[in-house]
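Asker: Structure provided below as structure tokens; questions to follow.
Bear in mind that the values in this text are calculations on the coordinates, not laboratory data. Since the structure is predicted, the reported quantities are computational estimates derived from the model, not experimental observations. Glycine gets a Cβ as well: all are built from the backbone with ideal geometry, and neighbour counts include every protein chain shown.
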Amino acid sequence: LASLAGAPLVGCAAAGSAPGTADAHGCATAPAVITATGAHQAGIATVPPSYARWLAFDLVAGSDRDAVRRLMTVWSDDIVRFTSARPSLTDIEPELATDPAALTITVGFGPDLFTKIGLEAARPTWLAPLPSFAVDRLESAWSDGDLIVQLCAEDQLVLAHAARLLVREATTFATPRWVQNGFRHRDASAQPGRTMRNLMGQVDGTRNISPTRDSDLLWVTGQPQWLVGGTSMIVRRIAMNLQTWDLLDRAGREASIGRRLSDGAPLTGDSERDLPDLEATDALGLPVIDTFAHIRRARSDNPRERFLRRGYNYDDPPAPGAVDNAVEQFVPIQRRLDELDLLNTWTTPIGSAVFAVPAGFEKGGYLAQSLLEA
Ligand code: HEM
């Protein structure tokens, strides 16, 4: 792949059955301290700050349920400390942990973890790799994993320090599998109501679910019982071919999405929040929003086929040589985009991973306690 840039698209969706809380996507400035404890893990419904990192781990052979229980106990304590600007118990650089920087740390479990620790019966049925799509060029180096940790913060040093400690404390239980860094337009976290732009220059994230109004789409309320208050997380690493994108004129770029580059308004509207008119035709009788434009292909008439998008950009150099559940909410959209989406000419999914994200924990408790002590 000749791409230098891309976007990890992270989707969160409920994975149980019907009706949880939070703030509208991008509609509030991220506060400096985001409380880690509560009904849901932080870092899902909270405003995405400027930087993110995903750390996927594989369990070390022989790690059993008790090992995971110990790791969750240690990590839960770390999470509460780091997010409230206190060093972890084993921190030998405590000065690096004194700025909360809107840090959130969110933990999820991959499909194989359940088999490896003898809890196969507790694995949600949807928790498996996504079906393969024709556009996929997935590489195992950026896919899957037994555990995921998502760190988000306004300060890269705070984020990197917390990440390093979490990796170090996991050493005897789990080893890093892949790491994905991401960044967002600072405008979007600093100014209420602003939508970020991606590296293709597009306003990205306009039509998204609201964690408050659409909470039933976000939080698990049914089965499995241990996941109630949790959610599911799909991480897609998508390479953008910016070299060929650069060759396209502005009209072509706008047509591929169906929105204006200047302000993100649909090609049939005046401002970003206007609803696209998919029926509108031009003087020649052709649709104003192309038949295969991304916003036409990505929208759904099924109100359940929606999920929270938390997109981030990345600009790593190319590698050498190279719902009711998550599946029900995400796959139909990805399938439609797979069949036909103008954006496919410049974008290629190269990493994919699915995780179950347990509910939040309270002071004195720890992540996934009801699963691990059942
Ligand atoms: C690098 C790849 C991608 C880029 C650059 C991209 C960019 C965009 C942009 C600019 C918009 C319009 C503004 C907005 O409503 O946010 C949009 C909308 C959307 N995208 Fe993507 N997208 C990508 C991949 C995907 C994938 C893989 C999915 C899901 C499988 C997806 C799902 C959606 C949805 C659901 C919408 C809102 C559609 C609507 O209701 O109007 N996108 N995307």
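Asker: Please find the FRET efficiency linking A32 to D66, where r is the Cβ-Cβ separation and R0 is fixed at 35 Å, and quote it to the nearest 0.05. If you can, show how the numbers build up before the last one.
Answerer: Details: r = 36 Å, r/R0 = 1.04.
Efficiency, rounded to the nearest 0.05: 0.45.
Asker: Where in the stretch 197-214 is the amide nitrogen less than 20 Å from a point lying 7 Å along the Cα-to-Cβ axis of R250?
Answerer: Answer for this model: 197-204.
Asker: So if each residue of separation counts as 0.36 nm, and I subtract the Cα-Cα distance between I92 and T125, what length gain in nm does that give?
Answerer: Details: separation 33, 0.36 × 33 = 11.88 nm, distance 4.15 nm.
Extending this stretch completely gives an extra 7.7 nm.
Asker: As a footprinting exposure proxy, order R184, R250 by other Cβ within 10 Å, with the fewest listed first.
Answerer: Details: R184 23, R250 11.
Listing R184, R250 from fewest to most nearby Cβ atoms yields R250, R184.
Asker: Report the dimensions of the stretch 251-372 along its three principal axes from the alpha-carbon atoms, largest first, rounded to Å.
Answerer: 65, 41, 27
Asker: Give, as a single signed number, the net charge of other residues whose beta carbon lies under 15 Å from the beta carbon of L157, with Lys and Arg counted +1 and Asp and Glu -1. Working shown, then result.
Answerer: Numbers: positive: R53, R164; negative: D91, E93, E95, D99, E154, D155.
Result for the local shell: -4.
Asker: Distance in nm between label sites at A160 and V179, each 7 Å beyond Cα in the beta-carbon direction?
Answerer: Going by the 7 Å Cα→Cβ label model, 0.9 nm.
Asker: Taking a ≥ b ≥ c as the square roots of the eigenvalues of the Cα gyration tensor of the chain, is the shape rounded (a/c under 1.5), prolate (a/b larger than b/c) or oblate? Intermediate values should be presented prior to the final figure.
Answerer: Values: a/c = 1.69, a/b = 1.60, b/c = 1.06.
Taking the square roots of the gyration eigenvalues as a ≥ b ≥ c, the chain is prolate.
Asker: I've got another one for you. Could you line up L247, L337 from fewest to most neighbouring Cβ atoms inside 10 Å?
Answerer: Working: L247 9, L337 20.
Ranked by crowding around the Cβ, least crowded first: L247, L337.
Asker: Let me ask another. Determine the principal axes of the Cα atoms in the stretch 151-254, then give the extent along each, sorted from largest to smallest and rounded to whole angstroms.
Answerer: 51, 35, 27
Asker: How do M240, M233 line up, fewest other C-beta atoms within 10 Å first?
Answerer: Numbers: M240 23, M233 29.
In order of increasing Cβ crowding within 10 Å: M240, M233.
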